[in-house]
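Let me begin by presenting the structure, written as structure tokens, before commenting on it.
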Amino acid sequence: YDMWEEACWWGHRGKLEMESRRPGIRAYIARTETRGPKSAMYTTYVVHVKTAFHVRGVTRRFSDFASLDRQLRAKFPAAPHLVKSSRMIGILTPQFVQERRQQLQEYLDALLADHQLSSSPHLRAFLALHGCSDIGVTPWEG
């Protein structure tokens with residue numbers, strides 16, 4: 001093994017080019033749950049968050065996603081837009097819940113695809129990643 005020979009380090013090139021890589025965070029909306037009394041039912045989204053060191057599940061409501069969107073947009077005006085729905089009738093139908101779940105997944109994917117956004121303390125707190133308090137971010141309060 002000759003560390004000066006190009007063939008020896010070429011396989012590690014991706015690890016060395018950190019500027020062009022996003023943090024290794026993956027988030028997948030695994031399922032939805034309907035909660036609350038019949039007069040005030042709401043949907044929660046169970047998000048599985050995976051990093052190199054942790055796998056966890058966090059539960060968020062649409063209003064939590066909307067709050068995250070406002071926080072990110074205040075700091076990053078060009079951030080991807082959260083799709084808002086004006087639909088009020090039949091809001092908890094399985095079809096509507098599935099459509100919204102897909103939209104929220106696409107929103108998370110777009111945020112995590114951007115290096116600057118995926119490193120944002122707001123997104124990291126939203127995903128309940130360890131170390132949030134170490135960088136001056138309080139736990140997510142929505």
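Quick notes
- Entirely in region 1-114, the helices (runs of 4 or more DSSP H) that have 1 or more residues that are modelled with pLDDT of 95 or more: 62-75, 94-113
- Residue in region 89-108 that is farther than 30 Å from Ser39 by Cβ and either out of contact with any Cys (no Cβ under 9 Å at 6 or more places or on another chain) or open to solvent by less than 50 Å² (accessible area, probe 1.4 Å) (or both) present: yes
- Restricting attention to region 43-55, the residues that are aromatic (Phe, Trp, Tyr) and out of contact with any Lys or Arg (no Cβ under 6 Å at 6 or more places or on another chain) add up to 1.
- Unique residue being open to solvent by 30 Å² or more (accessible area, probe 1.4 Å), under 27 Å from Asp114 (Cα atoms) and either β-branched (Val, Ile, Thr) or in contact with a strand residue (DSSP E or B) (Cβ under 6 Å, 6 or more places away or on another chain) (or both) when the list is His48, His81, His54: His48
- Within region 32-50, considering residues that are of a type in the set (A, V, I, L, M, F, W, C) and without any contact (Cβ under 8 Å) to a residue 60 or more places away in the chain, the one farthest from Gln95 (Cα to Cα): Ala40
- Pairs meeting the criteria (first residue in region 116-138 and part of a helix (DSSP H, G or I), second residue modelled with pLDDT under 90 and polar (S, T, N, Q), beta carbons under 8 Å, at least 6 apart or on different chains) are Ala125/Thr138.
The values are calculated or read from the model by the stated rules, or taken from the named source; none is laboratory data. Predicted model, so just to flag it, every value in this text is computed and none were measured. When we count neighbours, we look across all protein chains shown, and the Cβ atoms used for this are built from the backbone with ideal geometry, even at glycine. In case anyone asks, the SASA skips ligands and DNA or RNA and just uses the protein heavy atoms, side chains included. Shrake-Rupley method; radii C 1.70, N 1.55, O 1.52, S 1.80 Å.
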